[in-house]
Amino acid sequence: MRKHILHITILLMTAGWLAGCSSTRKLPPGEALYTGATVKIEGDSLRHKEKKNIKSQLEELTRPLPNKKILGIPFKLLAYNLAGHPKREKSIMGWLKYKVGEPPVLASELNLEWNEKVLQSTMENQGYFNATVQGDTILKNKKVNAVYTAQPGSRYIINEILFDKDSTVLQKAIRLNATHTLLKTGDPFNLETIKAERERIDAYLKQHGFYYFDPDYLIIQADSTIGNDKVNLYVKVKPGTPKRARRVYSINEVYIFPGYQLNAAKADTLKTNAEFFEGYYVVDNNKTYKPRMFAQAMQFNPGDVYNRTDHNQSVSRLVNLGVFKFVKNRFDPVENSDSALLNTYYYLTSSPKKSLRAEINANVKSNNLTGSGITIGWRNRNTFRGGELLSINATAGFEIQYSGQLKGFNTYRGGLETKLTFPRFVIPFVDLNTRGGFMPKTNILLAYDILSKEKLYTMNSFRGEFGYAWKETMNKEHQLNPVSINYVHPIHVTPLYDSNAINNPTLQKAIEKQFIIGSNYNYNYNELTGNNGLKGFYFNGNADFSGNIAGLITGANTLNGKPKTIFGAQFSQYVKLETDLRYYVKLSSKNTWANRLIVGFGYPYGNSSELPFIKQFFVGGNNSIRAFRSRSLGPGSYKDMNTVSFIPDQSGDIKLEFNTELRAKLFSIVHGAIFVDAGNIWLYRKNDEKPGARFSSTFLKELGVGAGVGLRFDVSFIVLRLDVAFPLRKPWLPEAERWVIDGVKFGSSAWRSENLVFNLGIGYPF
C-alpha cells in the first residue's frame, strides 16, 4: 500500500513540475504568468476566526482570476498551449484550444491600486473604518503572485438607532414600523444590513399607500465620533424627497382592456367605450369576455389604499386565468385633484383561442419492457366567455418485450379524456370569491381508457371527477375532489389467463370488476419553490375515501357475507392515506443530498376485504426500490415462487419506503449518483395463501434494501437517467440469511444475471 502511495506521489509531483515548465513556455516576451493573490491579515485585536473570514472574503474579491487548476495543475492552460496555432477553429486542435483550453492570465492585467481600494472599501463597509491595505508582487520563474497586507483595525459596533421624530405622515409611518428594524444595538456596522433596512422600510411603505416612494429617498447616517469604537445610526428621509413620494395614494378608477394588441398600429384604449361592472371599467368592444371574470380576478377595489401586495396579486391572478399571453398595468395620478388618487390601467393580450399539440414519449422499464406513446391534445380557451378551458386529450401507446420471459405479452393502451376548467370556485348556491395571488380552479373530468394485454385480457375503465384546486401560497397547494368515480371491468379474458388465475388470487384480483365512488384530498407543500437556499422540505399528503355513503345506505358487510353491488360490480369501501416527505440539502454548488420517506396505509372495511387492485401499493422499479424489479417485492416476507411470468404484480395495503441519494455534477451535462433504497409493502389482514404478508411488529425485519450508482444526462429541458442497483437484503429469505452483502460478487456472471437491475428513466427518481 505504501509503495502505491509513493508511486502516486511521485507521479503527481512530476506532473506538477512538467506543468510548471509548460505553463510559462509560450508567454509573450517580457510577460509573466499571474498565479493569484494572497491576503495577509494583521491585527492583534482580531480573533483567529475573524481573521480567517476576512482573509477568505478578500481573496475572492481580487482580480484578475488566475487560470483554473485541478490538483494544482492548470490543465486548461496546458491544453491551450498544447493546441498551438490551429488553422481552423472547428478542427480537433481548434476545439482543444478554444473550447477546452484557456489563455494565460498575464501579470500585466494586474492592477494593485484598484484591488487595494476594493479590499479597503469592503472592510470599511463591514465596520472596519480604519482599515488599510498595501499590495505588492512576488516574481519567481516568470510567475507573479500578488500579496496584500490588510490591517482592518477595530470593528465598530452599533450603539443606538435613532429614527427622525419629524411629524410628517411619511416619517410617522416609518417610526410606526421601527420595532421591526434589521438594525440591532450591539451588532457590528454592516453596509449590506443598512441597504436591507432601506429595502424593508420601502416595502412597508409600499404596503401602506406610498406608491411613489423609493429606497433612495432614505438616508441612514453613521456617527462614529461618539468614541469606544461605537457608532450611532440616524434614519432619515432625504430633504429633497418629492412631494408625491410623501403622500398616501388610494385607487380611483380601474380600467381593463382585454383586447390589447402589442403589435397593433393603434390599440383600442379609449375609456369612452368602457362598460362599468361592480366598480370596474371593462373596454371589450367585441364582448369576448364576461366582465364578472375580471371582477373576480381583481384584488384592487376603487377607494382602497394602494398596497404592493394587491398590485402584484392582481397581475398574478390575471395571468393565472390562463387566457392571456401578456399582462401589464400602469398607475397614473389623477391630475388637478387635491386628493392623492391613482387611476389603474390593465392591458391584456389574449392567447390563441384554440390550439392543437402532440407529444411523443418513449420508455424503458426495469422489467425490460420498452414502449412508446402519443398524446394529441386540443384546447379551447375562454369556452363560455368566463375564462374557462376545455381540453380534450387522446392517447395511445404500447409496451413490448422482444426477448425474455415477457416476449409476446405485449401491452396496448388507448384513452380519451375531456376536462373543463373554470377559473373560480363553482359551488351550488354559493358565490365565493377568494383573495390571494392565485386563481382557484374548478375541474370537471370525464375519461375512458382501454388496456389490452396480448394473450391475457382486455379491460375497460371509466373515470369521472368533480373537484377544486387552489394555491394558498407559492409553497402550499390544495386539491379537493368531492366526487370521484372509477368503474373498471374486463371485456375479454383469454383461456390462458383463466387457467392460471384459478389458483392465483393475485391474478383474479387484477381483472375483477371494480366500482369506486368516493372523495379525495391532496395537500402539497414545497419549500424548494423559489428557494435558492441550502436546504428545503417537500411534503405531499393524500387522503382517499370510498363507498362511505353507499355502505351506510346498503348496510354492506362483505366479511359477514353481505356484499353489495352497483351495476353488477361490488363497490369498494376503504380509507387510504399516503404521505411523501422529501428533504434536500445542497452540500455545494455541484453536490446535493436528496432523501425521501413514503408511508402509505389503506384500511378496507364494510363492502371490501382489501383495497381495490388499482388502489393498492406497489414497490420496486426505476422510481422506487431500484434493486428490485417493478412490483416484484413483498408483501412482507412472502415470495410467490409459482407466480407466472406475465404478472409480476405483488401488491399490499400498507407501504413503507425510504430513499437516500447523493448527487454530484461530474462534468458538462453528466451527473452521477450513489443511492440506497429500502422498503416493502404489507397486507392489513391475514391471508392464509400468503404467509408472512401481514403487517406486524416485526416489519423492520422484512424490509428490502438495495444500493447502486447512476448517471444522469441533464440537458435542461429533459433529464435522461440510468441506474444500476443490486439487493443488499432480501426479505423472503430465512430471517438469519436476509442480509446478502457477503454474497456480492461483481466478477460472477451468474451473480450479475440474478442480482443486477438496470433502470432507465426520464427525470430524477424524486
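The values are calculated or read from the model by the stated rules, or taken from the named source; none is laboratory data. Predicted model only: the values in this text are computed from it and were never measured. In this analysis, Cβ positions are derived from the backbone assuming ideal geometry, glycine residues included, and neighbour counts consider all displayed protein chains.
Taking segment 55-75 as the range and being surrounded by fewer than 16 Cβ atoms within 10 Å (Cβ to Cβ), within 20 Å of residue 666 (Cα to Cα) and in contact (Cβ under 8 Å) with a residue 12 or more places away in the chain as the test, the residues that pass are 68, 71, 72.
Anything in segment 439-471 that is assigned to a loop (DSSP other than H, G, I, E, B) and modelled with pLDDT of 90 or more? List them, or say none. Even if it seems obvious, please write down each step before you answer.
Filtering segment 439-471 down to residues assigned to a loop (DSSP other than H, G, I, E, B) leaves 439-440, 454-456.
439, 440, listed by residue number.
Under 26 Å from the mean Cα position of the chain (by Cα), assigned to a loop (DSSP other than H, G, I, E, B), in contact (Cβ under 8 Å) with a residue 24 or more places away in the chain and assigned by TED's automatic domain parsing to the domain that holds residue 280 - does that describe any residue in segment 334-347? First the steps, then the outcome.
Filtering segment 334-347 for residues under 26 Å from the mean Cα position of the chain (by Cα) gives none.
No, segment 334-347 has no match at all.
Against the numbered list (1) more than 16 Å from residue 151 (Cβ to Cβ); (2) of a type in the set (S, T, N, Q); (3) in contact with a strand residue (DSSP E or B) (Cβ under 8 Å, 6 or more places away or on another chain), residue 120 comes up short only at (1). Counting only residues that are of a type in the set (Ser, Thr, Tyr), at pLDDT below 95 and surrounded by fewer than 19 Cβ atoms within 10 Å (Cβ to Cβ), segment 644-682 holds 2 of them. Considering only segment 504-532, how many residues are of a type in the set (S, T, N, Q) and at pLDDT below 85? The number of residues fulfilling the criteria is 7.
To keep it simple, each residue is scored yes or no on (1) aliphatic (A, V, I, L, M); (2) closer than 23 Å to residue 682 by Cα; (3) surrounded by 15 or more Cβ atoms within 10 Å (Cβ to Cβ).
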{"position": "507", "(1), (2), (3)": "yes, yes, yes"}
{"position": "511", "(1), (2), (3)": "yes, yes, yes"}
{"position": "521", "(1), (2), (3)": "no, no, yes"}
{"position": "534", "(1), (2), (3)": "yes, no, no"}
{"position": "548", "(1), (2), (3)": "no, no, yes"}
{"position": "576", "(1), (2), (3)": "no, yes, yes"}
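Within segment 543-568, no residue that is outside the structural domain of residue 480 (by TED's automatic domain parsing) sits with its Cβ atom under 8 Å from a residue that is assigned to a helix (DSSP H, G or I) and modelled with pLDDT under 70 at 6+ positions apart or across chains. Note on segment 558-580: among residues that are among the polar types (S, T, N, Q) and at pLDDT below 75, the one that is nearest to residue 522 (Cα to Cα) is 558.
Look at residue 766 and say whether it is among the aromatic types (Phe, Trp, Tyr), assigned to a strand (DSSP E or B) and touching a residue at least 24 places away in the same chain (Cβ under 8 Å). The answer is no for residue 766. Only one of 469, 447 is among the small types (Gly, Ala, Ser), in contact with a His (Cβ under 8 Å, 6 or more places away or on another chain), in the same structural domain as residue 522 (by TED's automatic domain parsing) and closer than 30 Å to residue 321 by Cβ; which? Going through 469, 447 in turn, the sole match is 469. For segment 679-698, indicate whether the set of residues that are in contact (Cβ under 8 Å) with a residue 12 or more places away in the chain, closer than 15 Å to residue 623 by Cα and outside any loop (DSSP other than H, G, I, E, B) is non-empty. Within segment 679-698, one or more residues are in contact (Cβ under 8 Å) with a residue 12 or more places away in the chain, closer than 15 Å to residue 623 by Cα and outside any loop (DSSP other than H, G, I, E, B).
Go over the candidates 567, 601 one by one and state the one that is at positive phi and among the aromatic types (Phe, Trp, Tyr). I'd like the intermediate steps shown before the answer.
On the way: 601 fails: at positive phi.
567 is the lone residue from the list that is at positive phi and among the aromatic types (Phe, Trp, Tyr).
Being among the β-branched types (Val, Ile, Thr) and assigned to a loop (DSSP other than H, G, I, E, B) is a condition met by no residue of segment 137-147. Within the set 164, 216, the sole residue that is among the acidic types (Asp, Glu), free of Cβ contacts under 8 Å to residues at least 24 places away in the same chain and either surrounded by 14 or more Cβ atoms within 10 Å (Cβ to Cβ) or at negative phi (or both) turns out to be 216. In the set (1) under 30 Å from residue 470 (Cα atoms); (2) part of a strand (DSSP E or B); (3) not acidic (Asp, Glu), the condition left unmet by residue 288 is number (2).
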